[in-house]
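In what follows, a single structure is set out as structure tokens and then discussed.
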């Protein structure tokens, strides 16, 4: 905090020497106490429900805690914890590739996120551009296209599993009519991944579409008219009027999209199944499986969780910086 | 923008602005019809299968044997209604708690510049980035020690960790759209900061509160990971957990699953369509104005 002392026409308080730390703290409290009182409930809730578990998660990732050595109560007997502090061991094991397939999973997670968000955004933008014109049945199209958003994700995922079913699925029934053999959509590794992306794209496009449509409508029509008067082609208008006008909306929805998709648990977990090891798992579902299947490896799961969080944080910081740099260039 | 002299005329146009040729119109409608079909088909298909009786799903291309047996079966012979009630209680609890706690903070962050303002905004954003994988193990252990596993309270508290930062973020965006002059008028008329918030801003923000609440309700309604691990007895399952029991490793009661899916989606979908217009505005508003 700076105590502003203006050089010309100093206010009466300017006479006073720079106040002591305690006085300044009190003065700051006097001006801001109601703001602090208003945020207090949230701070308490966040500390208890997020801060403390996060701290414990970080701690667990430095230990070798698992189901067998963690403190628990069976009936009336309380068994104390016996896990030990192992330092950076877990991180070393994961990052050096000794344990599991961190890098292959990371690659797939990044590919999954990038392809989903790319498709969400481009399809959403395309549909929004189409819907932004004056035409018949516009509101009908809008309702129909938003429909996937209204379906809870777990319901939608189960429905798609039924559609993808190898033996009785409707997709293969159509293919059979066309003379193609049955395809094991959810069995084969590559097809599994493609199916998962398809389901997630189906689920996510409506949000992008509605958000971008809102952005499109906030671009003043005069800008387009002016560009048209100046002889800009439709492509030039799109490139130099529409896209820059969408930038604030795009920035937010892409950031949200990346975070949501990176952490998208339901689609992968419910579509590909809780079955044995599969290469189509993303980091989040793998971490979940570590914690709750077989011998519960709490430490390993916590390590993965912290790594995921760090990756997202780094991304968010760079992304925001990139956006603000673009902003200042303009 | 290219600087052209005012005298230059643009390319000659045969149509007035805003009109389009027949070919373009056909292409436009075709594209939209195809997209609509893709988006509607799975939903209609599920409704269709649910009306086909218990084994109808094995013949997905036949249009015979319509009956309501799937619906009567899940309503009478399964715990579906219990799960439905559980989901409603838990989602409502998380929503009410989340909105109540978050409202004042959203207002403070929107109107006042105080030390800790920026870190708090960052926290709201960062916490939304938390993968459930970070919190699920510690929360599981902590709730286990407090004997709150397999209870409504435990799951409601867990969902608050998701809904509170989210609600605060959304509400901040909404409060930003209410002109600050209203606050000033209230202050001039002698209201305290709390009075301004409580008697002027909250009533004005009712649509925002509704949308925020609705969104956190839907999030809790569809949450799978926490519910699957934390609720272990069938009596306490939420819908997301219960639905998994229809289609497990051994059995595949797709007929029942689809009927349940329809019953889950209809109420959520109806409310959704009422709220969706405001939803995106709230979501993106918080982000664009840091």
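The values are calculated or read from the model by the stated rules, or taken from the named source; none is laboratory data. Just so it is clear, the structure is predicted and the values come from calculations on it, not from any experiment. Here the Cβ is made from the backbone with ideal geometry for all residues, glycine too, and neighbour counts use every protein chain on show.
What the table shows:
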{"quantity": "Candidate set from the stretch A:87-120 (those that are modelled with pLDDT of 80 or more and assigned to a loop (DSSP other than H, G, I, E, B)); member that is surrounded by the fewest Cβ atoms within 10 Å (Cβ to Cβ)", "calculated": "A:96"}
{"quantity": "Subset of the stretch A:176-212 (residues that are loosely packed, with under 15 Cβ neighbours inside 10 Å and either within 10 Å of another protein chain (Cβ to nearest Cβ) or not in a loop (DSSP other than H, G, I, E, B) (or both))", "calculated": "A:176, A:177, A:189, A:190, A:194"}
{"quantity": "Which numbered condition residue A:76 fails, given (1) at pLDDT below 85; (2) in contact with a helix residue (DSSP H, G or I) (Cβ under 9 Å, 6 or more places away or on another chain)", "calculated": "(2)"}
{"quantity": "Subset of the stretch B:32-61 [surrounded by fewer than 17 Cβ atoms within 10 Å (Cβ to Cβ) and over 30 Å from residue A:142 (Cα atoms)]", "calculated": "B:54, B:55, B:58, B:59"}
{"quantity": "Lone qualifier among B:38, B:34 - being more than 8 Å from every other protein chain (Cβ to nearest Cβ), at pLDDT 90 or above and out of contact with any helix residue (DSSP H, G or I) (no Cβ under 7 Å at 6 or more places or on another chain)", "calculated": "B:34"}
{"quantity": "Matching entry among B:49, B:101 (being within 28 Å of the chain's Cα centre (by Cα), touching a residue at least 60 places away in the same chain (Cβ under 8 Å) and closer than 30 Å to residue B:169 by Cβ)", "calculated": "B:101"}
{"quantity": "The stretch A:213-237, residues that are surrounded by fewer than 18 Cβ atoms within 10 Å (Cβ to Cβ) and in contact (Cβ under 8 Å) with a residue 40 or more places away in the chain", "calculated": "A:216, A:217"}
{"quantity": "The stretch B:52-89, residues that are over 30 Å from residue B:160 (Cα atoms), touching a residue at least 24 places away in the same chain (Cβ under 8 Å) and not in a helix (DSSP H, G or I)", "calculated": "B:52, B:53, B:54, B:55"}
{"quantity": "Residues of the stretch A:238-253 satisfying the condition of being more than 10 Å from chain B (Cβ to nearest Cβ) and either closer than 18 Å to residue A:142 by Cβ or surrounded by fewer than 18 Cβ atoms within 10 Å (Cβ to Cβ) (or both)", "calculated": "A:238, A:239, A:243, A:244, A:245"}
{"quantity": "Boolean, residue B:209 is crowded, with 23+ Cβ neighbours inside 10 Å and assigned by TED's automatic domain parsing to the domain that holds residue B:89", "calculated": "no"}
{"quantity": "In the stretch B:57-92, the residues that are farther than 26 Å from residue B:227 by Cβ and at the interface with chain A (Cβ under 10 Å from one of its Cβ atoms)", "calculated": "B:58, B:59, B:60, B:61, B:62"}
{"quantity": "Residue list for the stretch B:214-254, filter: surrounded by fewer than 24 Cβ atoms within 10 Å (Cβ to Cβ), more than 23 Å from residue A:264 (Cβ to Cβ) and touching a residue at least 12 places away in the same chain (Cβ under 8 Å)", "calculated": "B:232, B:233, B:234, B:235, B:236, B:253"}
{"quantity": "Check on residue B:266, out of contact with any strand residue (DSSP E or B) (no Cβ under 8 Å at 6 or more places or on another chain), surrounded by fewer than 20 Cβ atoms within 10 Å (Cβ to Cβ), in a helix (DSSP H, G or I) and at pLDDT 85 or above", "calculated": "yes"}
{"quantity": "Residue identified as within 9 Å of another protein chain (Cβ to nearest Cβ) and in contact (Cβ under 8 Å) with a residue 60 or more places away in the chain among A:137, A:158", "calculated": "A:158"}
{"quantity": "Failed item in (1) at pLDDT 85 or above; (2) over 19 Å from residue A:305 (Cβ atoms); (3) in contact with a strand residue (DSSP E or B) (Cβ under 8 Å, 6 or more places away or on another chain), with residue A:71 passing the rest", "calculated": "(1)"}
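Per-residue answers, yes or no, for (1) surrounded by 17 or more Cβ atoms within 10 Å (Cβ to Cβ); (2) over 18 Å from residue A:101 (Cα atoms); (3) more than 9 Å from chain B (Cβ to nearest Cβ):
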site	(1), (2), (3)
A:291	yes, no, no
A:298	yes, no, no
A:304	yes, no, no
A:307	yes, no, yes
A:311	yes, no, yes
A:318	no, yes, yes
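Conditions (1) surrounded by 22 or more Cβ atoms within 10 Å (Cβ to Cβ); (2) at the interface with chain A (Cβ under 8 Å from one of its Cβ atoms), marked per residue:
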| site | (1), (2) |
| --- | --- |
| B:116 | no, yes |
| B:122 | no, no |
| B:129 | yes, yes |
| B:137 | yes, yes |
| B:141 | no, yes |
| B:144 | no, yes |
| B:150 | no, no |
| B:154 | yes, no |
